[in-house]
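S.K.: One structure coming up, written as structure tokens, with questions to follow.
The values are calculated or read from the model by the stated rules, or taken from the named source; none is laboratory data. Please read all numbers here as calculations on a predicted model, not as lab measurements. Note that each Cβ is placed from the backbone with ideal geometry, even for glycine, and that neighbours are counted across all protein chains shown.
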Amino acid sequence: MKRFSVRLFALGLGLGVLGTAAVLAVSAYASTSRSHATTIRGAAAHLRSTEESGQPVVDWNQVLPSIVNTPGAQPANVQPTRNFAILHAAIYDAVNSVDRTHEPYLISVHAPRDASETAAADAAAHTALIGLYPAQQGVVDADYAAELAQVPDGPAKDKGIRLGDEVASELLAIRANDGSNVTPPPFVAGTNPGDYRPTPPNFPAPAFTTWGQVTPFMLERGEQFRPAAGSLVTRRAHQVLGEAVELLRTIGAQGMLTAIAEGTFGVTKRPPDGGKGMDGVVARADGYFNPAAAFLEAPERLPQRGTPTPVS
């Protein structure tokens, strides 16, 4: 961290006072010229802020979901979030190459300062989406033409288009072999504790099982912020997991009703034959009927195992 210097602060304060005095001394002479120059600069800044509204970022962020939701457009083994990241990284680096007010994400091009940021954003988005979804080029081209139609023709527009295309092309090349196009192997459910197993009701196979090997966009590596072996977080996690497993083993050995009666779950104990049942929980309206409770109270009504269920 940089240290605060009293001497430098005092020097800066002194220079500031001197500068203020000089400005006041010539203010009467320069007031008319300065006012005129300020008006011109303000008008130019207003014109530029009107032109560079940032709206293309919003527009292209709406185009991509429509592509992702098009049946067959999004590759089944590629996370859509990857393509969102590429789209916006290309737009950001293209615009920042003109604006130069922020650190680049990945690509820095020494672009002309008079290049159109809007055209750069549109061209970057267009090139990125065509590279990611070549089969959707017709749709993307139509959106691109509509966006560019809002930018005045001229050298600034042309420079912005070339810049956006250059940045997006370079970013696509960098991400071409990031591991996202790897076809996952067939999934085989494990049988050991901790292994993933398909869950009801449809028991679907897991998706994106190789995504952990895809090159991160911001992290240096996937495990960068994982707790170190033997750290406090790791030790505490193992302690909590061990206590949970031991509790489940105890409940399994006791049986659910005994575990409740002995307070295994907590301080409250309730014997199997204690309590008032539903009468102690809710008030029943006249004519109340719970078919599940009726079956539980009269198990002979349930079909026996192996007995066909009557069909009416």
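S.K.: Report, by residue number, each residue of the range 204-249 that is surrounded by 12 or more Cβ atoms within 10 Å (Cβ to Cβ), among the β-branched types (Val, Ile, Thr) and in a helix (DSSP H, G or I).
M.R.: Across the range 204-249, the qualifying residue is only Thr234.
S.K.: Among the residues of the range 101-116, which ones are under 24 Å from Gly154 (Cβ atoms) and surrounded by 13 or more Cβ atoms within 10 Å (Cβ to Cβ)?
M.R.: Selection gives Val109, Ala111, Pro112, Ala115, Ser116.
S.K.: With the condition being over 26 Å from the mean Cα position of the chain (by Cα), I'd like the helices (runs of 4 or more DSSP H) fully within the range 80-157 carrying at least 2 qualifying residues. Before the answer, list the steps.
M.R.: On the way: elements: 80-99, 117-132, 137-148.
The qualifying helices (runs of 4 or more DSSP H) are 137-148.
S.K.: Take the range 72-98 and flag every residue that is in contact with a Ser or Thr (Cβ under 7 Å, 6 or more places away or on another chain) and either under 19 Å from Pro184 (Cα atoms) or surrounded by fewer than 16 Cβ atoms within 10 Å (Cβ to Cβ) (or both).
M.R.: Asn77, Val78, Arg82
S.K.: Still on this model: Kindly check whether there is at least one residue in the range 266-282 that is in a helix (DSSP H, G or I), modelled with pLDDT under 85 and surrounded by 10 or more Cβ atoms within 10 Å (Cβ to Cβ).
M.R.: Yes, some residue in the range 266-282 is in a helix (DSSP H, G or I), modelled with pLDDT under 85 and surrounded by 10 or more Cβ atoms within 10 Å (Cβ to Cβ).
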